[in-house]
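FYI, it's all coordinate maths here, none of it is from the lab. On a predicted model such as this, the values are computed, not experimentally measured, just so you know. Cβ atoms come from the backbone with ideal geometry, glycine included; neighbour counts cover every protein chain shown.
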Amino acid sequence: MEKYWNTFFRSFSDYGNYLWNEILNPSWGNYFYWLIGLSLFFWLLEIIAPWRQHQAKIRIDFWLDGFYMFFNFFLFSLVGFNAVSNVGVEAFNDFLGLFGITNLVAFEVQSWPVWAQLLTLFIVRDFIQWNVHRLLHRFEFLWNFHKVHHSVQQMGFAAHLRFHWGETVVYRTLEYIPLAMIGFGIQDFFLVHIFATAVGHFNHSNFKVPLGPFRFLFNNPQMHIWHHAKHMPRRYGANYGITLSVWDYLFGTAYEPEDGRDIELGFDEVEHYPKSFLEQQLYPFRENLEVRPKPEAVSNPKRETA
Ligand SMILES: [Zn+2]
Ligand SMILES: [Zn+2]
C-alpha cells in the first residue's frame, strides 16, 4: 500500500516539476508552447477569414473555453489525473502479475520504422476514441459528462477543449489496454497528440477551407458543426469522428445535409444549462445522483438531440 502512496505523491511533484520546466524552457518538444502556438494560429485564421463573419472575434465563452484549455491540457493532470492514473497502472500491472502476466504486448510493433509505429498508434487510437465518443452519447450517465462539450452555443477553436475532466478518465481508461497491447505507453503520444490537438482546434474553428476529397478522411469544421447541432434527426447524434471522419463514412454515422454555418447549437434546454466552470463540473454528479421517475412515467424524453 505504501508503494502506491509513494507513487501517488511522487506523481504530483514530478508533474509539477515537469510543467514548470515546460514553461521555463520553450522547445519543439514542448506541449505548453504548442498549445499556445496552435491556439494563436487558429484564432488568427478565424480573424482573417471567418466562416461566420458576424461572429465576434472574442466569441461568447471565449475566456471560459480558454480556461478549459489549460485546465484540461495541464492543470487536471497536475491536480490529480496523473497521480491517480500512475497508481492505477501500477495496481493493474500488479494485478496482472498475480496471474503471471508481466507483459501485455500482444503485437510487437517496436521493430517497425518509427513512422509506421506512429501511424498505427494514431489510427488505432482515433478509432478507439470514435467508439468511446459514441458511448458518451449512448449512455445517459456518460452523456451527463459529455454535455459540457455540447453546451457550446457559438463555435470557435477554443471550444475544442471544453469538456469535463471525467471524459479524460473515460477515454484514457478505455484506451489503456488496447494501446498497451500494441506496446505503446503514454510517453509515445507527443507527435500524435499534437497532431490530434491541431485537427481538434481546426474542427471547432470558425473557418472554412475547401478540403475536397480529404473531407472523407479528416474531420473538419463543416462536418463537426453538425455534431453540435441542437436538432438532429437521430436520437444519439452523428459525426462522432475525433481526428478522422472516415469512421463515420464507413459505419454510416456521417451527417452533413447542407451548409451548417448558421445552425443552432447545443441540446434541448441548453439555455438552462449552468454557465460557470464550477457548476458545469458539478452538473454530471448532481444529474447522475438525482432520483428520476421510472422510464414509463416520462412522457417527454429530455433529450432528443446529441
Ligand atoms: Zn459529442
Ligand atoms: Zn466538438
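Sort the following peptides by mean Cβ neighbour count (other Cβ atoms within 10 Å, averaged over residues), highest first: 204-213, 115-124. Please report the intermediate quantities before stating the final value.
Numbers: 204-213: 16.9, 115-124: 15.4.
Going from most to least packed, we get 204-213, 115-124.
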Next on the checklist: List the residues, sorted by chain then number, that are 5 or more residues from F218 or on another chain and whose placed amide H is less than 5 Å from its amide H.
Outcome noted: S245
Checklist entry - Whole-Hz Karplus ³J(HN,Hα) for the stretch 162-173, in order, using 6.51 cos²θ - 1.76 cosθ + 1.60 and θ = phi - 60°, x for Gly and Pro? => result 7, 7, 6, 4, x, 5, 4, 4, 5, 4, 5, 5
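How many times 2.2 N^0.38 Å is the alpha carbon radius of gyration of the stretch 117-162? Mind dumping the intermediate values first?
Numbers: Rg = 13.1 Å, N = 46, 2.2 N^0.38 = 9.4 Å.
The stretch 117-162 yields a ratio of 1.40.
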Next on the checklist: Please list, ordered by chain and number, the residues whose modelled amide H lies under 5 Å from the amide H of M232; skip anything fewer than 5 residues away on the same chain.
Outcome noted: A306
Item to check | FRET efficiency estimate (nearest 0.05) - Cβ-Cβ, W115 to L211, R0 22 angstrom | outcome: 0.45
